[in-house]
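The values are calculated or read from the model by the stated rules, or taken from the named source; none is laboratory data. As the structure is a prediction and not an experimental result, all values here were calculated from the model. Note that each Cβ is placed from the backbone with ideal geometry, even for glycine, and that neighbours are counted across all protein chains shown.
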């Protein structure tokens, strides 16, 4: 890959810059992000109070415009006028890469209609950070925040459970506690990574099996980033009865029905029930 500088004089062109900011630790910001933010006439922020902590840290004095999901439609014409005047404008979120479950799509599409240049500045992302330490498949589907209605959640989880890839989602601790049963219902047999306060002083990572997942005793602050592993591959070998299972069946066959034995063995095995049933039937006939 050939790397090119932004331009010969390292100047920042006019246009809209999508700038990634730290997800927790304020040191996790690129030099280019600091440079572009300093040279921006305007910075669009979700919450100016949150963004000011970062901007003050790096001596950035640009004008701030509050731009969140409740006012982005109202703001868009004003911001387009600013961009048409050849100003440098940056869009940041409270944390991480903008537009990933954050506002900004309306502005992006309006810029495209008006042929205004848009430049991405890569950097911190809760999504890629969580996937990078999961140990799960690098092929992943990003879902975003869970919906409020359980009916919608179950419909979406039905579709997600059929994906053979890792699944990443955002969730509040309270919603997580209320959804543990739903996770178990749709993602049984998979592993899960729960990331809390990533890159911050009290960062915490919980790794477990979905089947033994438990709610938090208390409701911790902040949002959680969840990674669910890909589907467990079922090998041909696992479709055959193990010798230990056969011995167990030989003991149980004297006391239990074939149906009961089939149900018990299938609980901890990927072997088809038909395979177990036929083995039990074979033993019965040999008696």
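Structural remarks
- Within segment 186-207, the residues that satisfy the criterion of being free of Cβ contacts under 8 Å to residues at least 24 places away in the same chain and out of contact with any strand residue (DSSP E or B) (no Cβ under 6 Å at 6 or more places or on another chain) are 188, 201, 202.
- Scanning segment 185-204 for residues that are surrounded by fewer than 15 Cβ atoms within 10 Å (Cβ to Cβ) and outside any loop (DSSP other than H, G, I, E, B) gives 185, 204.
- With respect to (1) assigned by TED's automatic domain parsing to the domain that holds residue 29; (2) over 29 Å from residue 52 (Cβ atoms); (3) touching a helix residue (DSSP H, G or I) at 6+ places or on another chain (Cβ under 8 Å), the lone exception for residue 112 is condition (3).
- Residue in segment 95-109 that is under 21 Å from residue 14 (Cβ atoms), in contact with a strand residue (DSSP E or B) (Cβ under 8 Å, 6 or more places away or on another chain), modelled with pLDDT of 95 or more and not in a loop (DSSP other than H, G, I, E, B) present: yes
- Residue that is nearest to the chain's Cα centre (by Cα) [pool: residues in segment 65-109 that are surrounded by fewer than 18 Cβ atoms within 10 Å (Cβ to Cβ) and at positive phi]: 101
- If you go through segment 110-140 and keep only what is without any contact (Cβ under 8 Å) to a residue 40 or more places away in the chain, outside any loop (DSSP other than H, G, I, E, B) and within 20 Å of the chain's Cα centre (by Cα), you end up with 128, 132.
- Among residues that are surrounded by 19 or more Cβ atoms within 10 Å (Cβ to Cβ) and on the phi < 0 side of the Ramachandran plot, residue 112 is not included.
- Residue pairs whose Cβ atoms lie under 7 Å apart, separated by 6 or more positions or on different chains, with the first residue in segment 38-63 and without any contact (Cβ under 8 Å) to a residue 24 or more places away in the chain and in the same structural domain as residue 24 (by TED's automatic domain parsing) and the second assigned to a loop (DSSP other than H, G, I, E, B) and surrounded by 14 or more Cβ atoms within 10 Å (Cβ to Cβ), are 63/41.
- Checking each residue in segment 18-37 for being in contact with a helix residue (DSSP H, G or I) (Cβ under 6 Å, 6 or more places away or on another chain) and either outside the structural domain of residue 104 (by TED's automatic domain parsing) or not in a strand (DSSP E or B) (or both) picks out 23, 26.
- In summary, residue 39 fulfils each of the numbered conditions (1) over 26 Å from residue 196 (Cβ atoms); (2) within 29 Å of the chain's Cα centre (by Cα) with the single exception of condition (2).
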